[in-house]
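One structure below.
FYI, it's all coordinate maths here, none of it is from the lab. In this text the structure is predicted, and so the values were computed from the model without any measurement. Cβ placement follows ideal geometry from the backbone for every residue including glycine, while neighbour counts extend to all protein chains displayed.
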Amino acid sequence: MKIGILRTGHSPDGMIETMGNYDTMFERLLDGNDFTYETFSVVDGEFPAGPQDADGWLITGSKHGAYEDHAWIPPLEDLIRSINATGKPLIGVCFGHQIIAQALGGKVEKFEGGWSVGRTEYTLDGQPLALNAWHQDQVTQLPESARVVGSSDFCANAMLAYGDNIWTIQPHPEFNPAFVDGLIKTRGKGVVPDALLEAATAELTKPLNSNDIAARMAQFFKSKARS
């Protein structure tokens, strides 16, 4: 099965060489499932010809906001709607979670409650789990077609499903503790409140459920694949 990765951002300079770019992280996360991959760096204007270019699709995170004025965002929204129309499986993570909601009629904005950084506890289908987060933006209004399947005390719309072919998640199962530590040191200082960065650093060694989410994502792709 071929997964098309729509890369909407890049790892910080100095971290790509040691930890990989966002598409590489997802390939690592989903390793062992016999998937093949093709990355389209949409943040740099590189788009597929259409939904038919892959069997399933995944939209990565980004430092950009879904509501920002970038030339690549409207065509990405068009592509999301086209993928949805075909019934092919689509997963969105962080920015991907947000841009899918926006493309399908929802609203994304900076959350007045501030940032979520580092290990965060959620419930998914009523079960507790912990994942790394790194965001201030949130989906604040749901599209009519969306249903909430996971949340946290901080983020009510943390995990969404649309019909049976789109599943999205606000936190980052692909971010390991070393990468979050790098973000704290490169992108956090002066942007995220120091107290949140200190709290995130203190929890870097605590267990995560990233492998559980990886298994869920892989099963979603396999079970929802369309010809």
Angle between the Cα long axis of helix 73-86 and the longest principal axis of the chain, 0 to 90 degrees, nearest 10?
50 degrees
Of the convex hull enclosing the alpha-carbon atoms of segment 137-227, the direction-averaged projected area in nm² is 7.6 nm²
Want the number for Thr140 to Glu109: 0.36 nm per residue separation, take away the alpha-carbon distance, what's left?
10.5 nm
Arrange the peptides 79-86, 159-166 so that the one whose residues have, on average, the most other Cβ atoms within 10 Å appears first.
159-166, 79-86
Pairs of lysines in the chain (C-alpha under 29 Å apart; 8 or more residues apart or interchain):
20
Based on the alpha carbons, how large is the Rg to Rh ratio for segment 84-168 when Rh follows Kirkwood?
0.95
Normalized C-alpha radius of gyration of segment 32-156, against 2.2 N^0.38 Å?
1.09
Toy charge model, Lys and Arg Cβ at +1, Asp and Glu Cβ at -1: the chain dipole around Cα centroid in debye, rounded to 20, equals 340 debye
Largest first and rounded to whole Å, the semi-axes √(5λ) derived from the alpha carbon gyration tensor of segment 64-106 read 17, 11, 8
So if each residue of separation counts as 0.36 nm, and I subtract the Cα-Cα distance between Lys189 and Asp13, what length gain in nm does that give?
61.8 nm
Under the Karplus relation with 6.51, -1.76 and 1.60 and θ = phi - 60°, whole-Hz ³J(HN,Hα) for segment 4-11, x at Gly and Pro, equal x, 9, 9, 8, 10, x, 10, 4
Along the charge dipole of the chain, pointing to its positive end and built from +1/-1 on Cβ of Lys, Arg, Asp and Glu, which listed residue (Gly182, Trp134, Phe154) has its Cα farthest out?
Phe154
Hey, got the Cα dimensions of segment 41-86 along the principal axes, in Å, largest first?
27, 17, 16
Over the Cα atoms of the chain the radius of gyration and the largest Cα-Cα distance (Dmax), both in Å, equal 16.2, 49
Mind listing the long-range amide H neighbours of Ile59? Cut-off is under 5 Å, sequence gap 5 or more, other chains count too, H placed in the peptide plane at 1.01 Å from N.
Leu6, Ile91, Gly92, Val93
